[in-house]
Amino acid sequence: MASREARLTRHTQWMLAVTINNRHYNMSKTFTIILTLITLSVFGQKNPTEEAQSIVAEGKLLYKSEMASWYGTDLFLENYKDRENIGGYFSYTDNDIAKCIFFSKAENPKVIGTISFDSTYNVKTAKTDLTERDFTQTEKDLFQIRTIALEELNTNSDGLFKFYQNTNPNIIPLIKGQEKKVYILTGPQQSGVVIFGNDYLLTFDKNNKLLTKKQLHKNIIPIEYGNTEDGKEVVGAMHSHLSETGDFITATDICTLMLYEKFAKWETYNVVSEKYLNTWNCKTDELTVIPMKTIEKINKDQEKRKKKKKNK
């Protein structure tokens, strides 16, 4: 029997073949529709697409935070002149408003700037408030868990965190209900590259004490976007997950996709695990999850049809 890695490699090769040009993409799109219908028609089983929606929601929260940080930094630096007083920043979502908070370098830091965005992230309609004030309770918690994560990253006493040239770590604190987390993503410092992997999750208790920290992907996955050497437009890409990462696409994968999909001009992106094919629609920002067993059945059926045609 083929190894887990060999099976994933086979699935990877098959999916890669359907992401290069429009003809192949149309086939992939048709396949996705067929497989979705087949999946939804299976009774008595969990719908993996529905099962993964909590991951989608978390990924979109991370995206909102990163978008606020991207555009909020530019707006703040345009309007705030005392650069020596800037201690750092973080972003969060408050009633569908994405806020980027800048704080001072003081021993007891205060908020020195708040940049607020609606869902469009239009810098022209963003609100800039440079009023100095105390942290709200939520902001105080976000600041504390961010600070702990930054200390863990800088000391790296157990060697968990990996660092690569032309990249920088992005710290995203997140409080959702009773859950307190910090995600650490790896961002590229050069254009034309999207980086998946080399990402981490730290969890905290209600008193902001660090509980756990783990690496989500076991390696770094840089993917270049644009045309291929022969000039064909690449309309999709993919990577694989081993069991350590999980069967589903990660929240960090979704955040990264939403940040870069328009620059890459991708139509779809696939994450392949031993159990599922996760297909992210870069146009609608929706996820479809198809069992690999279903894909294998479809592939076998296609091979039978090809053989029949050849024998006619």
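Observations on the model:
- Tally of residues being open to solvent by less than 40 Å² (accessible area, probe 1.4 Å) and in contact with a helix residue (DSSP H, G or I) (Cβ under 9 Å, 6 or more places away or on another chain) across segment 119-158: 3
- Which listed residue is in contact (Cβ under 8 Å) with a residue 40 or more places away in the chain, under 30 Å from Glu139 (Cβ atoms) and either open to solvent by less than 40 Å² (accessible area, probe 1.4 Å) or of a type in the set (S, T, N, Q) (or both), from Leu277, Leu202, Leu287, Leu216: Leu202
- Positions within segment 293-312 being surrounded by fewer than 18 Cβ atoms within 10 Å (Cβ to Cβ) and either in contact (Cβ under 8 Å) with a residue 40 or more places away in the chain or not basic (Lys, Arg) (or both), in sequence order: Thr294, Glu296, Ile298, Asn299, Asp301, Gln302, Glu303, Asn311
- In segment 97-113, residue farthest from Asn207 (Cα to Cα) [restricted to those that are open to solvent by 20 Å² or more (accessible area, probe 1.4 Å) and in contact (Cβ under 8 Å) with a residue 24 or more places away in the chain]: Lys99
- Hits in segment 239-272 - residues which are closer than 23 Å to Lys214 by Cα, touching a helix residue (DSSP H, G or I) at 6+ places or on another chain (Cβ under 7 Å) and part of a strand (DSSP E or B): Ser240, Val271, Val272
- Test for Phe161: is it touching a helix residue (DSSP H, G or I) at 6+ places or on another chain (Cβ under 7 Å), crowded, with 17+ Cβ neighbours inside 10 Å, of a type outside the set (Val, Ile, Thr) and more than 28 Å from Asn85 (Cβ to Cβ): yes
- Answer residue from segment 203-237, given it is of a type in the set (D, E, K, R) and at pLDDT below 95 and is farthest from Thr268 (Cα to Cα) among those: Lys218
- The set of residues in segment 45-61 that are open to solvent by less than 30 Å² (accessible area, probe 1.4 Å), under 11 Å from the mean Cα position of the chain (by Cα) and not small (Gly, Ala, Ser) comprises Val56, Glu58.
- Residue tally, condition more than 15 Å from Ile195 (Cβ to Cβ), hydrophobic (A, V, I, L, M, F, W, C) and open to solvent by less than 30 Å² (accessible area, probe 1.4 Å), over segment 235-273: 4
- Which listed residue is under 26 Å from Gly177 (Cβ atoms) and surrounded by 20 or more Cβ atoms within 10 Å (Cβ to Cβ), from Ser91, Ser116: Ser91
- Residue list for segment 70-96, filter: hydrophobic (A, V, I, L, M, F, W, C), more than 15 Å from Arg146 (Cβ to Cβ) and under 20 Å from the mean Cα position of the chain (by Cα): Trp70
- Residue in segment 172-191 that is touching a Gly at 6+ places or on another chain (Cβ under 6 Å) and either open to solvent by 50 Å² or more (accessible area, probe 1.4 Å) or farther than 14 Å from Leu62 by Cβ (or both) present: no
- Against the conditions (1) among the polar types (S, T, N, Q); (2) in contact with a helix residue (DSSP H, G or I) (Cβ under 8 Å, 6 or more places away or on another chain); (3) surrounded by fewer than 13 Cβ atoms within 10 Å (Cβ to Cβ), Asn208 satisfies every one except (3).
The values are calculated or read from the model by the stated rules, or taken from the named source; none is laboratory data. In this text, all values refer to a predicted model and were calculated from it rather than measured experimentally. With ideal geometry, Cβ positions are generated from the backbone for all residues, glycine too; neighbour counts draw on all protein chains shown. Ligands, DNA and RNA are stripped out before the accessible areas are found, and what is left, the full protein with its side chains, is counted by its heavy atoms. Shrake-Rupley method; radii C 1.70, N 1.55, O 1.52, S 1.80 Å.
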